[in-house]
1. Inside the range 487-568, counting only helices (runs of 4 or more DSSP H) that do not spill past its ends, which hold 2 or more residues that are farther than 17 Å from Leu328 by Cα and free of Cβ contacts under 8 Å to residues at least 24 places away in the same chain?
2. Do you know which of the residues in the range 51-103 that are small (Gly, Ala, Ser) and more than 19 Å from the chain's Cα centre (by Cα) is surrounded by the fewest Cβ atoms within 10 Å (Cβ to Cβ)?
3. Please specify each residue of the range 387-405 satisfying the condition of being touching a residue at least 24 places away in the same chain (Cβ under 8 Å) and within 16 Å of Gly541 (Cβ to Cβ).
4. I'm checking my understanding of the structure. Among residues of the range 366-385 that are in contact (Cβ under 8 Å) with a residue 24 or more places away in the chain and among the small types (Gly, Ala, Ser), which one is most open to solvent (accessible area, probe 1.4 Å)?
5. Limited to the range 558-586, what total is found for residues that are closer than 27 Å to Asp70 by Cα and over 25 Å from the mean Cα position of the chain (by Cα)?
6. Could we say that Glu172 is farther than 24 Å from Asn295 by Cα and either crowded, with 16+ Cβ neighbours inside 10 Å or of a type in the set (S, T, N, Q) (or both) here?
7. Yes or no: the range 470-479 includes at least one residue that is open to solvent by 10 Å² or more (accessible area, probe 1.4 Å) and among the hydrophobic types (A, V, I, L, M, F, W, C).
8. For the range 175-190, which positions are without any contact (Cβ under 8 Å) to a residue 40 or more places away in the chain and open to solvent by 40 Å² or more (accessible area, probe 1.4 Å)?
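The values are calculated or read from the model by the stated rules, or taken from the named source; none is laboratory data. Because the structure is a prediction, the values reported are computed rather than measured. Here the Cβ positions follow ideal geometry from the backbone for every residue, glycine too, while neighbour counts run over all protein chains shown. To get the accessible areas, we keep the full protein, side chains included, count just its heavy atoms, and leave off ligands, DNA and RNA. Shrake-Rupley method; radii C 1.70, N 1.55, O 1.52, S 1.80 Å.
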Amino acid sequence: MNRIISSLSAFLVLFSLVGCESILEKTPDGQVTIDKILSNHDRSKGLLDAAYGEIYQCRDQISFVHSTFDALTDNTFWAATYNAYEWHNGKLSLSNPVINWPWTSPSEQLWPDFWRGIRLANNAILYIPQSTALTDTEKTNWVAEARVLRCWYYMQLLEFYGPLPWITEPIEPSFMGWNDLTRPTYDEIATIIANELDDVISLGILPNRETTGRASHVDVGVARSIKARVLLNNASLLNNPERDRSKWARAAQAAQDIINMPEYALVPMSQYKTLFCSAFADRNDEIIWRASNDNGHINNTNAVDVGSYPYSEINHVWNCGESPTQELVDCFEMTNGALPVTYNDDTRTKVTVTPEAAALGYSEAPGGNPYANRDARFYNNIVYNGCNYGVPRDCTEPYIIETFVGGRNGFNDVISQETTRSCTGYYQCKDTQSDFWGPGGGYGQTGTHWVFFRLAEFYLNAAEAYCEMGELDKAMENLNKIRERALQPKIQDVPGFQQNYDFLMARIRNERRVELCMEGWRFHDQRRWKILSETNRFVTGMRITVNDDGQFEYTRKKIRDYYSYEDKYLVMPIPLEDAKKMTGMTQPEAWR
């Protein structure tokens, strides 16, 4: 992943040579003149390549080295004293962005990288039409791609830092208007982005879906996905406190536009794993866009330690990384559609098993089993005590998980350092694979790719938007598309169903949490719904022991208190040094 050496000052450099020096070759004095670039085909193409080069490729290297965004939420817990620990300690401040790389100077990461992506996209948009080495078709197509990329980077900025001014040209070194830049409203910038993407789509230049060989490039599906996500954020409570239904109508239509595209379809549950673990060249009907770089290393940084395999010598992992919390596990329904438990008090450590869950065998009593007859996605996402993790590569016997105290993957009570043993009693397996590891130190061959957009998200977006509009039948129709794929009952058939806003919205949010867990969206959902004060005060896990009768005993345990629930965590501040340069830009309300 490319790093930037400064933040807004990066606008003052015409071209970045980081990550593309082989294309934009330096002259003896270390500089490349614009005519040298525009008269050469590969160097001209390098303008677009550089704009693509700022896309984050690894979901465990955007929050911090090997740390995921879900670790900044109540979905997972990441044991260590690094960024996630600081985040939940309430350390976010004007001088400490927390989501950074502390050993670099400056350490800020997201803010400069996304702005740099915008600058590089603007370079491509401005200069590609002037190239004498490109065909007219190449110029037209590549500018269209760069316009979509610019919107991609703006979407990223908006999700973290709120509305920011729309800049369409590379800023020259002589630019003196920093103090004149002001924040637009979220609706203003969302409308600009939506209109920009509509304009690109209307030109008919980009294909609805790129070919397999060009799957790393943006297309109409990606453009519509960016638009839909931006409009969903625009309609959400964080940016729409007046609850303007017209914004929800725009969000619903944008999601529906993607659902209506014949190029995409939900894959069956039997192929669910291929959404996250498959070769990049393999076409997947549900995936709209995903990282082209292989994220297989996540098996070493956020996965089960198969090094304790009893039948063969296998390398140990570096860290189990993100460990699902009990709160996330509790969101996975039983196969009859019932939620397994209700909380008896604010500690979430004392629960009552719902009658419908008990009827299917759910029990946390000694000798009981809380993991049978759960939603099929539970077994695709969560590694739990007693589960069959699969057979390591070049082996014959399965690896059986033991998360009980004293087991090979036993519960770890030490939360302040990296660990190969989970501190919650669970491990994630959404994009990890038992056959990645094997004897002899080799690695598996199946690819792992971070999914940026997939069709399931937009069924959930549509369900939420229609529910907010009061169109409950349409909300249920879209929600049921996801539930039925997961082999779960239709929402109207779950125990205790009520056809009203409160019941349906609660289950839509629960469905979104389950379907998209470990994909990074919980970080944004908690903030756009403004629920941090409810969800980010502490997390719990399941500590399992073995009694004298050989039975498992289950104890819910608070893992640690969180202090990442204040309003200042809803929208991140403009980094202090850049805020000094941009006096016309107001900080988010909680930071003033």
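1. Filter on the range 487-568 gives 501-515.
2. Ser95
3. Scanning the range 387-405 gives Ile401, Thr403, Phe404, Val405.
4. Of everything passing the filter in the range 366-385, Gly367 is most open to solvent (accessible area, probe 1.4 Å).
5. Looking only at that region, the number is 2.
6. no
7. yes
8. Hits for the range 175-190 are Met176, Thr185, Glu188.
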